[in-house]
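To start, the structure under review is shown below, and the notes come after it.
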């Protein structure tokens, strides 16, 4: 849910966003490898939320 709200406000995602509040509160670096996180960022960027 935090990711959805974040994207609704910012409209995009960068790797650095995963290390900052509010997304860092979910500890994504503990749950996913760096490679997995980059795949997530790349896939989200393909969506291009407007």
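Taken together, the values in this text are just the output of simple stated rules run on the coordinates, not laboratory data. A quick note: this is a predicted structure, and the numbers were derived from the prediction, not measured. Methodologically, a virtual Cβ is constructed for each residue, glycine included, from the backbone with ideal geometry; neighbour enumeration extends over all protein chains shown.
Right, residue 7: surrounded by 10 or more Cβ atoms within 10 Å (Cβ to Cβ) and assigned to a loop (DSSP other than H, G, I, E, B) or not? Spell out the reasoning first.
On the way: surrounded by 10 or more Cβ atoms within 10 Å (Cβ to Cβ): yes; assigned to a loop (DSSP other than H, G, I, E, B): no.
Answer is no for this residue.
Per-residue answers, yes or no, for (1) part of a loop (DSSP other than H, G, I, E, B); (2) surrounded by 11 or more Cβ atoms within 10 Å (Cβ to Cβ); (3) touching a residue at least 12 places away in the same chain (Cβ under 8 Å):
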residue	(1), (2), (3)
3	no, yes, yes
16	no, no, no
21	yes, no, no
25	no, no, yes
29	no, yes, no
43	no, no, no
46	no, no, no
